[in-house]
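Data first, discussion second: the structure below is written as structure tokens.
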Amino acid sequence: MSPQSIQSVAFPRTAGHVGGGIWLEYLRGLAITALCTAVAFPLSRNVGLVTIVMFYLLGTTVGALRLGRGPSAFTAVTNMLAFNYFFVPPVFSFHVDDVQYVFALGVMLIVALVVANLMISIRRHRDTANAREERTAVLYAMSRELAIASDAAAMAAAAVRHIRAVFHSSAVVLIEDECGGLSAIARTEDSACHGARSSLPAVDFEFARQVIAREQRCIRDAIYLPLQGSNARGVIVVRPQHPNPRLPTDQLDLLDAFTVQLGQSLQRASLAKAAEAARIAADRVLLRNTLLASISHDLRTPLSAIAGAGSLIAQPEYALNLDRRTTLGVLIERKARDMSQLLTNVLELMQIESAEGAPHADWHSVDDLVALALQGREARLSKWRIVVQIPAELPLVFVDATLIVQMLSNLLENAAKYTPSGTTITISAAVRDEKIWLVVADDGPGIPPGDAESVFRRFERGRSDHNIVGVGLGLAICRAAVRLHGGEISATNNPGGGARFEITLPLTIHSHATAAAVSQ
């Protein structure tokens, strides 16, 4: 809700409210009497006194609808006196010759006072109901704004904005820090408080600390309201524009309600922040344990092979011919590369997930990206048949070439791991629905049922992967790289058998890539 949509609350009249304009209301009562007399006097020759009495009772009713209790009673008395002076024989005199007119004047006065009192009571009940309705609307608007606020500063700013708009007062929210000091997290701006010269209240910090300690509302040069229902100790300082800071009781009650709402919202924000911190800490512990368990498990196999080969080489009685030495050297090299690849995948995933956009995005052709990925895995894929089906008219894509090549390399490495040598790995591309579709498919055993989504999670692998070296990060890196470009990746099985990975990349420049290109 915008600040302009916040409405001031019209509170019922109180004694303090009437003080300045009380004489004006009495003058209005006299004006009503004069108007009734001016209307009734020309008609007095043609109508009876009962009709004229009705005119004055009507004036009394109008006065009760518009004036306070005292001016309404004053109007009733002046109406009776005017009726006596201008219409009761002898006219133009307050003397009454006939006793029945004395009785009539008394009844007229009593009826006028009763009508005035009833109308004032009805009006007061109406004003009270309207004020309650408006207060409820204000509280609802503030609670709704507090509900969507994301942090303590936004919540405090919403409360200050409502206090300023409803009470035409400057306000500041002070929160106690760990060292016992008070700091302002929200306050009214100097030019925002309806023309006030200085909207920032002059705060007595020592008195504010005493208010927080007593947990009671106090009024001195301003109104100090301690936050209630909150584990964050603080106070709201409200200074009305007028020199007298004392507000009517109903307005103070509304301020207390604002304070309770803000306190509960701050408590909710504090609990949510603590829960989020606990969740993040738990995720970090789980991630660390999973990482350590996965790496330790998958490093044990190559380390054991390297240690075994090294022990054979170190035995003086073990005769090494050229074939044996070559075999052990290749074994050590391959296992060391496996270890290096495991650690590289971990570092790459951390770098990709911490990035906010593709930092080196540019226009590239899909066939060049595929060629670079195949070139990097040429030795690894020498025993597989590679089929590339990329149309020549395929448009360029705005991507980070390094990330896309890494993604394709991981998919090719994944296909080589889980398919027997001699099978076919197919790479195809097409344009559909304003997107580039890349497909990497193989003729292997395919993806086990229920693993199509879990294979993209960190440190999770298919249920048939137990004899294959890896920590389950290759496909997680693929998903992170694709999503960084505004695309998606999914895994399915080919109708004829084998796994099929489909990647969609937008033809238009993704927002992250655009920002990166502009910043370069």
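The values are calculated or read from the model by the stated rules, or taken from the named source; none is laboratory data. A quick note: this is a predicted structure, and the numbers were derived from the prediction, not measured. Note: ideal-geometry Cβ built from the backbone for every residue, glycine included; neighbour counts use all protein chains shown.
Quick notes on this one:
- Identity of the residue in the range 180-206, surrounded by 14 or more Cβ atoms within 10 Å (Cβ to Cβ) and hydroxyl-bearing (Ser, Thr, Tyr), that ends up modelled with the highest pLDDT: Thr188
- Flag: Arg324 matches the condition of being more than 44 Å from the chain's Cα centre (by Cα), part of a helix (DSSP H, G or I), among the charged types (D, E, K, R) and at pLDDT below 80.
- Residue count for the range 102-125, restricted to those that are free of Cβ contacts under 8 Å to residues at least 60 places away in the same chain, surrounded by fewer than 17 Cβ atoms within 10 Å (Cβ to Cβ) and more than 19 Å from Val53 (Cα to Cα): 3
- Residues of the range 417-434 that turn out to be more than 14 Å from Glu502 (Cα to Cα) and over 47 Å from the mean Cα position of the chain (by Cα), as a count: 6
- Test: residue in the range 417-428 that is modelled with pLDDT of 85 or more and either of a type in the set (Asp, Glu) or under 12 Å from Leu505 (Cβ atoms) (or both): no
- Contact map, the range 126-138: first residue in a helix (DSSP H, G or I), second residue basic (Lys, Arg), Cβ cut-off under 6 Å, separation 6 or more or different chains; the map is empty.
- Qualifying residues in the range 474-500 (those that are in contact with a strand residue (DSSP E or B) (Cβ under 7 Å, 6 or more places away or on another chain) and farther than 17 Å from Leu408 by Cβ) - the one surrounded by the fewest Cβ atoms within 10 Å (Cβ to Cβ): Thr492
- Any chance Asn46 is loosely packed, with under 13 Cβ neighbours inside 10 Å and of a type outside the set (A, V, I, L, M, F, W, C): yes
- The condition (being within 27 Å of Asn130 (Cβ to Cβ) and at pLDDT 70 or above) is satisfied by just one residue among Arg233, Arg217, Arg209, Arg246: Arg217.
- Pair list, Cβ < 8 Å and 6+ apart or interchain, from the range 170-196 residues that are outside the structural domain of Pro240 (by TED's automatic domain parsing) to residues that are at pLDDT 70 or above: none
- Only one entry of Phe94, Phe11, Phe55 meets the criterion of being at pLDDT below 85, aromatic (Phe, Trp, Tyr) and surrounded by fewer than 16 Cβ atoms within 10 Å (Cβ to Cβ), and that entry is Phe94.
- With a requirement of 1 or more residues that are among the basic types (Lys, Arg), the strands (runs of 3 or more DSSP E) lying completely within the range 367-459 that satisfy it span 385-389, 424-432, 435-442.
- Of the residues making up the range 59-88, those that are buried (at least 20 other Cβ atoms within 10 Å of the Cβ) and within 51 Å of the chain's Cα centre (by Cα) are Gly63, Ala64, Leu67, Gly68.
- Hey, Leu139 at pLDDT below 80, in the same structural domain as Arg268 (by TED's automatic domain parsing) and surrounded by 14 or more Cβ atoms within 10 Å (Cβ to Cβ) or not: no
- If the condition is being more than 40 Å from the chain's Cα centre (by Cα) and crowded, with 17+ Cβ neighbours inside 10 Å, then the range 435-454 contributes Val440, Ala441, Asp442, Asp443, Gly444, Gly446, Ile447.
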